[in-house]
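Quick notes on the structure that follows.
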Amino acid sequence: MLSCGRFVGRLPKLTRHSHANHFSRPLKYIGIVSVNNLWYSSNASDKKTYKPPGTTIKPEECVPKSRYSQPQRTVPTCESRPNASCPPSCYEACEEPADSPKSNNKPPSPPYWKILVALLIAGATIYAISSTLSSAKKSEFQKDVSKRKKDGRRHRRLLDKNKSPPNSTFIPKEVQYLLIGGGTAAFSAFRSIKSRDPKAKVLVVTEENDFPYMRPPLSKELWYNTDRKISAELFFRQWNGTQRSIFYEPAEFYSQVNNLVESDKGGVAVATGWKVTKIDVQNKTVTLDDGYELKYEKCLIATGASPKNLPVFESIDDELKDKIITFRTKEDFLDLEDSVHNPKYKNIVIIGGGFLGSELACSLARNLPEDKKVYQVYKEKFIMDQVLPQYLSEWATKKAMLEGVQCIPSSEVEDYSYINGKMSLVLSGNHIVYADQVIVAVGVEPNTELATVSHLETDPDIGGFLVNAELEARSNLWVAGDAACFYDIRLGRRRVEHHDHAVVSGRLAGENMTGAGKPYLHQSMFWSDLGPEVGYEAIGIVDSSLPTVGVFAKASESNVSTMPTSNSNETTHSVQSSIKSGTVSETVESSDQAASSTETDKSECDDKNTITEEPKKHDDFGKGVIFYLRDDIVVGIVLWNIFNRMSIARQVLARGAKYDDLNEVAKLFTIHDD
C-alpha cells in the first residue's frame, strides 16, 4: 500500500542519500513517495537505513526512535494475514476508497514495479524541488549579501548589546574585586591584582560585548594588512614582525561569571553587555541596569571615554548613520573597512586634525587604491597644531600630503546635504566637499555619568573623576584610565587620554587595591605614526602653547666644517652646533610670547670662523628631540623619529631642573646613532 501521509513523513531519509549536497537545507517536500517502509511487515520499522561512513546523521537518530518520530499506523488485523482483505469500513478509516478492487484468491505478487516507480517519482521530484530551492536559496543569498553590504555596517553599529550572562541571577551577590569597565585600564588592573594576590577573585562589568582589547591598532597597524581576512580577524603585525590579535587574552583565559565565587584558585570573569548605574560608596554596593545589587570589597572605575560628535551631526537621519560615524571601537574599524573598500565609495572625509584624525588620514591615503580620495578637514592651520610647535606641524602636514592626504585647513563643517543618495559637506567659506564616508575624530570626553548619582567629584575644567596621587576617589574606590583626573606630584593635576596611561594607571590602581599605597610617579608615554616615514614618542605635558626647544639631526657633507647659523624673529631662532664628526644638529626654539628677538650663543667650529646665513623656511626635521618648557623647566619631551630612548626622557623629566643649554641635554639621546 502507498500512503501519501507516510511518504511526506519519511522523505528526509531518502533525500539524505540522494542529494548529499543538500544535507543542511531545511527542505519542505509535499506529496513525495518514500520507499523505506512500503511493506507493513513487523520488521520494516526496525530496519535502519544504511549510511555510508562519514554520513552526518540527525540528533534524533541517535536516540530511541519513539522519542522523535511520528507513531506508525497500526496495521489492521484483517490485513496482517496472508490473502486477507479488509472490510469497506476499514478502508475508509485508512483513507482508501471502499470500492477498491481487492484480490481474495490470488497471492500478491512482489511489488518490485511499485518500488521502481516510487524511486523514479521520488528522484524526479527531489531533483525538481532541489533545483527550485537551490535557485531560490541562491537568489535569497545574493539579496542577503547585497543587503548586508548596504546595511551590514549599520546593523553592526546599532546592534543591541547581548548580555553575558543573560540574567543577573548568574552574577554573584558579592565579589572581592569589582572593575567597572572592560578596556585597557581594567585589563592592566586585574593583571596587577592577580600578580600580587594569585587567588584573587575579580569581576569585570563592561557595557561592551567583548573581552578587553587594545585600541591603538584600530587606527594604525590593522590598516597595513594587505589581506582583508587577517584584518577581519583583528590580527596585526607588531613592530618586531610577529602577528597577534588585538585581544589581550583568549576567551579561555577568563572564568565563568557564575563559577567565580566557588573557584578555589580565584580568577577573572567578565560580565559583558552590563552597565553599572550607581555606586553606593558607603555601603560598598553597585546597582546594575536591571536593578540588581552587587557588593564589593574593592572597586575600580575604568569607564574610559566616548568620542565627541559635531553638533551639526547630532540629529542626522537613520539612513546617514552608517555614512557619518565616530571612531572608537573594533566595530567602528570593521564598519570603516567595509566602507573604504566599497567600490562606490570614492571620497573619504576625516574631520579633525589631532592624533586620531591624522593617523587615520595617513593610513587610509597610503593603503587605499588610487581612485579613492582621502580628505582631512581641520580648523587649525596645520595638523597636530595643538601638540607640535608650528614649524614642525607645518612640516608634518606636508609629509601627510605626500602620503596622499588632501588637507583642508582652517575649515569647519557648518552644514551638510543628502540628495539622491549623494552627500556633501558645507565648510566654512562656503566650500563644498562631496563625501561618501565621513569619520568624525574631534576628541573624546570622559565617561563620568556615575559621578552625579554616586556623589563623586569631577574636575570642572579638564573633566574626569577627581582622585588623589594614589588614584583613589573615595575609600575602597579607585579610578584609572581616561576617566581619571589625577594629581601628578611632578606635573600637577592632569587627565591623560592615551593607551600607555591606561596601562600605567591601571597597574598602579591594581597595586593600590591590594594595599601598595603608591603615588603616581612613573610617567606614561604615547606614540603616533603619520605614515611609514614619521613616527614619534612623547612623554609629559606636550602642548604647543608652551615654549619649546627642538634639537634636530642634520647630515653634512664630509670634510666640511660645521657652521653655526642664527636667526632671530618674534617666534623662532635656530643655531647649529657641532655634535660629532660628520654630523650637525639644528636647534629651533619656539615661543608664543611675541617679544623682542633674543640672541643665541654661537658655538665655535674647528677653524674658529663663523658664517651667518638665513635658515631655510622648510628645513628637514627628519629626526630630533623637542623639549616643552614651563617656567624654564622641562615638563614634556617629544622624540621625533627617535626610538628606544624613553627611559632617558623619563630621567630628564624626573629631575625637574632648569637647563642652561638644552643642546647638552639633547646629546643624552644620541640622535645621530640610529
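The values are calculated or read from the model by the stated rules, or taken from the named source; none is laboratory data. Please read all numbers here as calculations on a predicted model, not as lab measurements. When we count neighbours, we look across all protein chains shown, and the Cβ atoms used for this are built from the backbone with ideal geometry, even at glycine. Accessible surface areas use protein heavy atoms only, side chains included; no ligands, DNA or RNA. Shrake-Rupley method; radii C 1.70, N 1.55, O 1.52, S 1.80 Å.
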Would you mind classifying the stretch 351-434 by shape? Square roots of the alpha carbon gyration tensor eigenvalues, ordered a ≥ b ≥ c; an a/c under 1.5 is rounded, otherwise it is prolate if a/b is larger than b/c and oblate if not. oblate
Cut-off under 5 Å, modelled amide H: who pairs with A305 long-range: N447
Using 0.36 nm per residue, how much length does the chain from A251 to L668 gain when fully extended, once their Cα-Cα distance is taken away? 145.7 nm
If you roll a 1.4 angstrom probe over the protein chains with everything in place, what fraction of the accessible area of the stretch 308-445 belongs to carbon and sulfur, to the nearest %? 45
Need one number: nm distance between label points at I419 and T452, each 7 Å from Cα along Cα→Cβ, rounded to one decimal. 4.1
The stretch 448-478 scanned against label point 7 Å out from D280 along Cα→C-beta; backbone N under 20 Å for 450-457, 474-478
Long-range amide H partners of A469 with built H, under 5 Å: Y487
Run the numbers for N240 and E174: contour at 0.36 nm per residue of separation, minus the present Cα-Cα distance, in nm. 19.5 nm
So what is the accessible area of the stretch 308-445 per residue, in Å², with the probe set to 1.4 Å? 43
Given points 7 Å out from each Cα along the Cα-Cβ axis, report the K658 to D264 separation in nanometres with one decimal. 6.5
Over the alpha-carbon set of the stretch 345-399, divide Rg by the Kirkwood Rh and report the Rg/Rh ratio to two decimals. 0.99
Take each of the peptides 432-439, 476-483, 259-266, average the number of other beta-carbon atoms within 10 Å over its residues, and list them starting from the highest. 476-483, 432-439, 259-266
Once you place label points 7 Å from the Cα toward the Cβ at Y292 and L320, how far apart are they in nm? 4.0
Find how much the distance from I230 to Y345 grows on full extension, using 0.36 nm per residue of separation minus their present alpha carbon separation; answer in nm with one decimal. 39.2 nm
